[in-house]
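Below is one structure; the comments refer to it alone.
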Amino acid sequence: MSHSQSQHFDVAIIGAGAVGCAVARRFALGGAHVLLLERGSDILAGASKANSAILHTGFDAPPDSLELRCIQHGYAEYLSLRAERNLPLLETGALVVAWTDEEDARLDALVAQAHANGVANVRRIGRDTLREMEPNLAPTAKAALHVPGEHVIDPWSPFLAYALEANALGASVVLNAEVTGGAFDGRTWHLATTQGAFLAHTIVNCAGLFGDVVETALLGAASFDIRPRKGQFVVLDKAASRLLTSIILPVPTERTKGVLLARTVFGNVLVGPTAEEQADRERVAVSEPELRKLLDRAAELVPALRDVPVTAAYAGLRPATEAKHYRIHRVEGRNWITAGGVRSTGMTAALGIAHHVWGLYAGDAGPIQSAPVAMPNLAEHLPRDWQRPGHGEIVCQCEMVTRREIEAAMSGPLPAGDLGGLKRRTRCGMGRCQGFICAGRVAELTAGQFADPLVAR
Ligand SMILES: Cc1cc2nc3c(=O)[nH]c(=O)nc-3n(C[C@H](O)[C@H](O)[C@H](O)COP(=O)(O)OP(=O)(O)OC[C@H]3O[C@@H](n4cnc5c(N)ncnc54)[C@H](O)[C@@H]3O)c2cc1C
């Protein structure tokens, strides 16, 4: 995307994760001249590249918290804007299943919390209703909470849509631009990045796993410490999606929402995530013992899953901090807003966080413009590109990705910057063979376009 370093931006947003993309859109809607800076070679290069893809209602969020407000705003705004942008919703509902008497005893408190949080349709159901809803669940399930509003979305397309919308309204998105330092002269921020210097009136720090590092580099000290928390997942083959309808959640603990089972919009079933503290902010390795535990847990919950093949395994890092709450605040006299510590609900809450951050910046001023961008559909339950004539070729046979989809993802104002970005935009290489068959063809189709080129086999 074009940009000029001599321009003076109203706002520079550091980090194009879920939060930064939503904030960029919100500021552009408000008429601000926006710069979105991302250290990765594509957007969604940090925490936002790997999550459970659940659109939360906030039924179990901390009562009266900013997190709850942002989740519920984000949820409602996603539902209101998704049709125009062609963003999918897999209407699954969720079941919080009690497997022990102790968990059963905690369900009533969870219902009370859900109702206090404004999620009025959450109700307790007994063993028989549970079996009718999910006949493949292990018979040892005792009872559950039904949360009809929890759903599953495509975890990447919405944020690309928000970045594209911001760009259509004049925002500059600069990739491979790590913010390394900066100085505030009382009116203007002078930012140093790996793509040169930029000027901006206000900074919004959306640097996720590096939010504290960015505060230290630019403000001299950090107001919080990032404590990365890894979550590993197993992706089960598409056959598994016939074995359940709802998202199957455990009764949550203070520390984690726990291991869930959920269908994905792409037709698979997800098992995970784990919750493992680690010091490294970038390394997201999976480990066989944890993956085996996840598979065992999946088979305990739905015994027929024991025989379903695994498609893939992956891990993500939550930008957790030393405290549970979001770290969103304005620093008076420094033209600075931090939107950090968005640990485990940021995909849902991003639009709500953006609304809140805009409020910190501009008060109550509402949107003054709009430029919705319709996204290509990748969801399995909706028509895909391969079903329309003229697609050229099926490049990825596992995920039925067409040449037309790959060419579209490699062009336009924000083309894929690396293989990860191309996968997130099209799903190529994300199916059962994990790119074994199509890698060579994808390398040919992307030749000369990635800074780090793929090698054709
Ligand atoms: C295992 C797991 C499961 C989850 N499940 C769900 C779920 O089901 N539903 C839900 O709503 N949420 C879920 N989440 C939470 C959600 O993914 C996060 O809250 C969200 O991704 C945080 O986004 P972010 O934009 O704050 O951070 P990030 O995505 O990390 O974005 C920060 C960006 O800043 C960039 N950056 C960092 N430093 C610099 C710099 N100096 N200069 C320029 N750029 C920089 C990074 O490269 C990165 O792209 C889950 C998270 C995990 C890890």
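The values are calculated or read from the model by the stated rules, or taken from the named source; none is laboratory data. Every value quoted in this text rests on a predicted model; they were computed, and no experiment measured them. Using ideal geometry, Cβ is built from the backbone for each residue, glycine included, and neighbour counts are taken over all protein chains shown. The accessibility values were calculated without ligands, DNA or RNA, using every heavy atom of the protein model including side chains. Shrake-Rupley method; radii C 1.70, N 1.55, O 1.52, S 1.80 Å.
For this structure, a couple of remarks:
- Probe 1.4 Å, accessible area per residue of the chain, Å²: 40 Å²
- Size descriptors for the chain: radius of gyration and Dmax over Cα atoms are 21.8, 67 Å.
- Given 14 as the ceiling on other Cβ atoms within 10 Å, longest exposed-site-free region of the chain for GluC sites (Glu not before Pro) in DSSP loops: 92-253
- Long-range Cα-Cα pairs in region 385-445 (distance over 14 Å), rounded percent: 49 percent
- Given their separation in residues at 0.36 nm each and the Cα-Cα distance between them, Arg131 and Glu91 gain 12.5 nm when the chain is fully extended.
- Charged neighbours of Ala362, selected by a Cβ distance under 11 Å, balance to -1 (K, R count +1; D, E count -1).
- Dividing the summed -39500 (n - 2.57) terms of all DSSP H runs of n ≥ 4 by the residue count of the chain sets its mean residue ellipticity at 222 nm at -8500 deg cm²/dmol.
- Here region 385-445 is treated with +1 on each Lys and Arg Cβ and -1 on each Asp and Glu Cβ, and its dipole about the Cα centre works out to around 160 debye.
- Here region 298-457 was treated as a single set of alpha-carbon atoms; its pair distances binned every 10 Å from 0 give 8, 24, 26, 25, 14, 2, 0 percent.
- Peptide ranges 17-26, 187-196 listed from the most packed, as the mean C-beta count within 10 angstrom indicates: 17-26, 187-196
- Working ranking of peptides 344-353, 108-117 by packing, defined as the average number of other Cβ atoms within 10 Å per residue, highest first, is 344-353, 108-117.
- For the chain, carbon and sulfur atoms together expose 52% of the accessible surface, with a 1.4 angstrom probe and every protein chain in place.
- Of Lys142/Lys238; Lys324/Lys423; Lys142/Lys230; Lys230/Lys324; Lys230/Lys423; Lys49/Lys238, pairs whose Cα-Cα distance is over 25 Å: Lys142/Lys238; Lys324/Lys423; Lys142/Lys230
- FRET efficiency estimate (nearest 0.05) - Cβ-Cβ, Lys293 to Lys142, R0 25 angstrom: 0.65
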